[in-house]
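Here the structure is laid out as structure tokens; the discussion comes afterwards.
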Amino acid sequence: MDNKSAPTTPGVSGVDEWHDASAESSPTNEEYSSKKKANTGTVDKRSMQFSGSLDMNVDLNLGPAPLSYEEKAITERENCDYKTKITLDMAKSGTAPRKIRIYADGIYDLFHAGHARQLMQAKNIFKNVYLLVGVCNDDLTHSKKGKTVMDEAERYESVRHCRYVDEVVIDAPWVLDDEFLTQNKIDFVAHDEIPYGAEGSDDIYQHIKARGMFVATQRTEGVSTSDIICRLVRDYDMYVRRNLARGYSAQDLNVGFLKKNQLELQTRLDTVKSKFRTYEEESKTFMERWEDRSKEYIHSFISLFEKTGVLHLLHRSQSPSMIVGGHSGKSDTEDEDIASQKKSSKSTNETR
């Protein structure tokens, strides 16, 4: 029941105004309770109502989807001629005489792409669909599935801002009975085909399927609320350190004094490691650049001497033995002097 969506906005001539939802304050449970009391005469602290003033664009379907007890949702429900039954064949062939009211329900905790894709399928499964999305409240959800990350007010608000949703049914039941289907004038129920078991039933949608009121959607593999929570638990220390660095206190994060100091120390160590890795990478890059440029410098130096003829002069001044790799290392002049001295010495000896 994890998967337990507003139509595209038609263009309207003469209306160019835009509603800035970001300027509005975040809704609270108290504000929702006050609005619901005014509409229904009852008080429910878990119900919610969109806060802040809205301009005319909300009436043009540019605002959030209405909650089931709001005037817009009530008017839509009252105008629906539920006596005219829509069969599956009529819906598939596109011959339905009125809007087809499709209902999808779930928890919608940490509203994500998997939820949005499920609602997109439900919205587009037939032509002219009015999509109602039921969201279970906290009491029911916690008793059936356990603690949620977001409270019901946050979950209602997340779903009603999905573009595929036409109406949000708050306090949705876990199991749909005939009274609920009739009260909300539901033609079809959209959910994935995998049997969803509950107390006393292998599939809580079995009676819906038997009545021909079930339409199947496909689950998006690889993304779910449980997967997201698993990531948070797996990388718990990293996210605590992240929020401590952003100014959250240890008390806000429910972290003890020793744990806080340990995480802060780890953050400092990671910072030092990061700087050291950066220094290594910069040093390596510098050496690689210097090696490349040193080759250029050597070639330029040699080219300079070749152009000025200095190397040619040096080659001419060297003896053949030096050029070829001779052993004596003496010049031609030195050899002639030695030979002359030997000849002179021999002549002297002969005279004597």
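Miscellaneous remarks
- Hey, Arg246 under 17 Å from the mean Cα position of the chain (by Cα) and open to solvent by 50 Å² or more (accessible area, probe 1.4 Å) or not: no
- Boolean, Ile170 is on the phi < 0 side of the Ramachandran plot, open to solvent by 10 Å² or more (accessible area, probe 1.4 Å), modelled with pLDDT of 95 or more and β-branched (Val, Ile, Thr): yes
- Extreme residue, modelled with the lowest pLDDT, among residues of the range 184-207 that are more than 27 Å from Met90 (Cα to Cα) and hydroxyl-bearing (Ser, Thr, Tyr): Ser201
- Screening the range 131-225 for helices (runs of 4 or more DSSP H) wholly inside it with 2 or more residues that are among the polar types (S, T, N, Q) returns the ranges 138-144, 178-183.
- Consider the range 127-151 and keep the residues that are touching a strand residue (DSSP E or B) at 6+ places or on another chain (Cβ under 7 Å) and of a type outside the set (A, V, I, L, M, F, W, C). The one that is surrounded by the most Cβ atoms within 10 Å (Cβ to Cβ) is Gly134.
- Some residue of the range 153-160 being over 16 Å from Ile204 (Cα atoms), among the aromatic types (Phe, Trp, Tyr) and touching a Lys or Arg at 6+ places or on another chain (Cβ under 7 Å): no
The values are calculated or read from the model by the stated rules, or taken from the named source; none is laboratory data. As the structure is a computational prediction, the values presented were derived from the model and not from experiment. Virtual Cβ from ideal backbone geometry, glycine too; neighbours counted across all protein chains shown. Remember, those area values only see protein heavy atoms, side chains included, never the ligands or the DNA or RNA. Shrake-Rupley method; radii C 1.70, N 1.55, O 1.52, S 1.80 Å.
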